[in-house]
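A.B. asks: Here it is, the structure, as structure tokens.
The values are calculated or read from the model by the stated rules, or taken from the named source; none is laboratory data. Predicted model, so just to flag it, every value in this text is computed and none were measured. Cβ placement follows ideal geometry from the backbone for every residue including glycine, while neighbour counts extend to all protein chains displayed. All accessible areas refer to the heavy atoms of the entire protein, side chains included, with ligands and DNA or RNA removed. Shrake-Rupley method; radii C 1.70, N 1.55, O 1.52, S 1.80 Å.
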Amino acid sequence: MDARTLKTEAARAALAHVEDGMRLGMGTGSTADEFTRLLGERVAAGLAVTGVPTSERTAARCREFGIRVSTLDETPELDLAVDGADEVGPGLSLIKGGGGALLREKIVAAAAARMIVIADESKVVDELGRFPLPIEVNAFGLKATEIAICRAAAELGLAGPVTLRMTKGEPFVTDGGHFILDASFGRIPDTRALSNALHAVPGVVEHGLFLGLADLAIIAGPGGIRTIEKNR
């Protein structure tokens with residue numbers, strides 16, 4: 001099975017958790033795109049839901065597939081958020097942000113009563129950090145923020161290149177108007193300590209460590225679907 005097929009199967013399994021009338025946080029990225037498409041089919045068949053997108057890209061896809069769109073200001077409490085992940089680690093710790101929407105994804109996930117992660121088997125790791133950690137930063141003082149990030153990481157025994165994400169020769173700009181630094185620290189033994197250290201850097205807006213937010217992961221592999229529950 002190719003990667004897209006696995007993503008589709010994980011997304012399809014997540015639909016079993018969606019009920020009529022739900023307020024849904026709609027994730028960003030290739031796996032979340034599959035969920036949006038399949039949800040659109042259910043909506044076309046009569047399912048009534050409200051989607052709160054985590055990016056302008058996802059908002060456009062929701063409209064394309066006929067899903068009613070709201071904002072988090074209009075719908076501040078959500079029943080369920082469904083999103084992908086770049087890595088799924090122990091205790092449903094996650095690295096997210098490869099799609100550039102980590103700030104809004106984290107805000108939406110925190111506003112939801114439950115968060116379901118959908119991913120293919122390749123995203124499951126024994127320890128987070130193989131995927132570079134996205135860190136959303138203010139454009140002002142970019143270099144000073146980068147230096148502070150590297151110093152904070154070094155105090156935790158972490159090191160590696162920190163690079164400004166680019167697109168078409170220009171810095172990638174998030175929907176919130178920020179830049180993203182991708183930190184290739186390698187394995188992160190103490191994710192909570194790194195989370196706290198990054199939050200203490202004034203130029204950091206948010207980072208891609210999602211800790212304690214996910215309740216269930218639906219993982220698709222060649223052998224079928226398996227689930228990982230929080231604290232399991």
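A.B. asks: When you count, for each residue, the other Cβ atoms within 10 Å and take the mean per peptide, how do 210-218, 197-205 rank with the highest first?
C.D. replies: Ranking the peptides 210-218, 197-205 by packing returns 210-218, 197-205.
A.B. asks: Further, regarding this structure: For a protection proxy built on the mean count of beta-carbon atoms within 10 angstrom, sort 41-53, 219-231 highest first, please.
C.D. replies: With the highest mean Cβ count within 10 Å placed first, the list reads 41-53, 219-231.
A.B. asks: Could you give the distance between the Cα centres of the range 34-91 and the range 137-205, to the whole Å?
C.D. replies: 28
A.B. asks: How would the range 1-57 be classified by its alpha-carbon gyration tensor: rounded, prolate or oblate, with rounded meaning a/c under 1.5 and the a/b versus b/c comparison settling the rest?
C.D. replies: The shape class here is oblate.
A.B. asks: Ok, one more. Check each of the GluC sites (Glu not before Pro) in the range 86-182 and keep only those in coil by DSSP with at most 14 other C-beta atoms within 10 angstrom; list them in order.
C.D. replies: Within the range 86-182, the qualifying GluC sites (Glu not before Pro) (loop, at most 14 other Cβ atoms within 10 Å) are GLU127.
A.B. asks: Still on this model: With 25 Å as the limit, write out which pairs from LYS7/LYS96; LYS123/LYS143; LYS143/LYS168 have Cα-Cα distances beyond it, or answer none.
C.D. replies: LYS123/LYS143
A.B. asks: Can you list the DSSP H helices in the chain whose Cα atoms extend at least 15 Å along the helix axis and whose mean Kyte-Doolittle hydropathy is -0.5 or higher?
C.D. replies: 3-14, 30-44, 142-155
A.B. asks: Which order, highest average first, do 163-172, 21-30 follow once you tally other Cβ atoms within 10 Å for each residue and take the mean per peptide?
C.D. replies: Top of the packing list down: 21-30, 163-172.
A.B. asks: While we're on this one: Counting pairs of alpha carbon atoms under 8 Å apart in space and at least six apart in sequence, what relative contact order in percent does the chain give?
C.D. replies: Contact order relative to length: 23 percent.
A.B. asks: For the range 87-180, just say rounded, prolate or oblate: build the C-alpha gyration tensor, square-root its eigenvalues into a ≥ b ≥ c, call rounded for a/c under 1.5, and beyond that prolate if a/b exceeds b/c, oblate if not.
C.D. replies: Verdict is oblate for the range 87-180.
A.B. asks: I've got another one for you. Please name which of CYS150, LEU198, LEU38 has its Cα lying farthest along the dipole of the chain towards the positive end, using unit charges on Cβ (Lys, Arg +1; Asp, Glu -1) and the Cα centre as origin.
C.D. replies: In the chain, that residue is CYS150.
A.B. asks: If you don't mind, another one. In terms of the Cα gyration tensor, with a ≥ b ≥ c the square roots of its eigenvalues, is the range 1-147 rounded because a/c is under 1.5, prolate because a/b exceeds b/c, or oblate?
C.D. replies: Taking the square roots of the gyration eigenvalues as a ≥ b ≥ c, the range 1-147 is oblate.
A.B. asks: Hey, what's the range 38-99 come to in accessible area per residue, 1.4 Å probe, Å²?
C.D. replies: 41
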